[in-house]
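Student: Here's a structure for you.
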Amino acid sequence: MQAAIFYVLSATALIATLLCVTRRQAVHAIVYLIHALFSLALLFYLLGAPLVAAWEVIIYAGAIMVLFLFIVMMFELDPAHEAARPGPARRWPVVALSVAILACSVALALADPAGARGVEAYHASPRAFGRLMFDEYALAVEVASFLLLFAAVGAYTVGRSDHRVEGGEGQA
């Protein structure tokens, strides 16, 4: 049963990622990326990492994708290039992916891989995970935080609306 769920979730993640990459409209691509992230979260849960699965849903599929949606919707898109209403033929991939993810979620909830026998010893608690991250891998966490800071500063610099005229050295 778990092998079948694994293969269905893997196929769902791959198809959603391919649809995300091939969409012309950014909002549609983000919706497919959210589907891929939910599939990956369920895969993490199935493979015995419930904490990573929760982070995947809360941080990536939740906060970051909502931020991406707000950024994309703040762009002023030309209405002439937008489709009037998506027809049923354009909705079936979203519906099929959603049904697959929902069915796998229900199957995982009914199968309850860790409920009856308890959590095995190799599962790390959030406290043990945090202690490991900030004791043994503190340098890697700090490097990653600096990379995120540089990316945020770069995104702010690129996204500023008050572009100055680039010219000689004496110009302001």
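Student: Return a yes/no flag: does segment 151-165 have any residue that is within 26 Å of A13 (Cα to Cα) and modelled with pLDDT of 80 or more.
Tutor: no
Student: Residue by residue through segment 11-61, note down the ones that are of a type outside the set (A, V, I, L, M, F, W, C) and in contact with a Leu (Cβ under 7 Å, 6 or more places away or on another chain).
Tutor: Hits for segment 11-61 are T12, Y32, H35, S39, Y45, E56, Y60.
Student: Exactly one of (1) within 26 Å of H28 (Cα to Cα); (2) at pLDDT 75 or above is unmet by E76. Its number?
Tutor: Single failed check for E76: (2).
Student: Hey, another quick one. Can you tell me which condition A11 does not meet? The list is (1) closer than 24 Å to R127 by Cβ; (2) not in a loop (DSSP other than H, G, I, E, B), and all the others hold.
Tutor: So the condition that A11 fails would be (1).
Student: For segment 106-123, check the following and say yes or no: at least one residue is within 30 Å of A155 (Cβ to Cβ), buried (at least 16 other Cβ atoms within 10 Å of the Cβ) and at pLDDT 75 or above.
Tutor: No, because not a single residue in segment 106-123 is within 30 Å of A155 (Cβ to Cβ), buried (at least 16 other Cβ atoms within 10 Å of the Cβ) and at pLDDT 75 or above.
Student: Let me ask something additional. Which members of segment 39-52 meet the condition of being surrounded by 20 or more Cβ atoms within 10 Å (Cβ to Cβ) and either more than 10 Å from A16 (Cα to Cα) or not assigned by TED's automatic domain parsing to the domain that holds L69 (or both)? It would help to see each step written out before you state the result.
Tutor: Quick first cut of segment 39-52, residues surrounded by 20 or more Cβ atoms within 10 Å (Cβ to Cβ) only: 39-43, 45-46.
L40, A41, L42, L43, Y45, L46 - these are the residues of segment 39-52 that are surrounded by 20 or more Cβ atoms within 10 Å (Cβ to Cβ) and either more than 10 Å from A16 (Cα to Cα) or not assigned by TED's automatic domain parsing to the domain that holds L69 (or both).
The values are calculated or read from the model by the stated rules, or taken from the named source; none is laboratory data. Note that the structure is a prediction, hence the values are computed from the model and not measured. Every residue, glycine among them, receives a Cβ derived from its backbone with ideal geometry; neighbour counts consider all protein chains shown.
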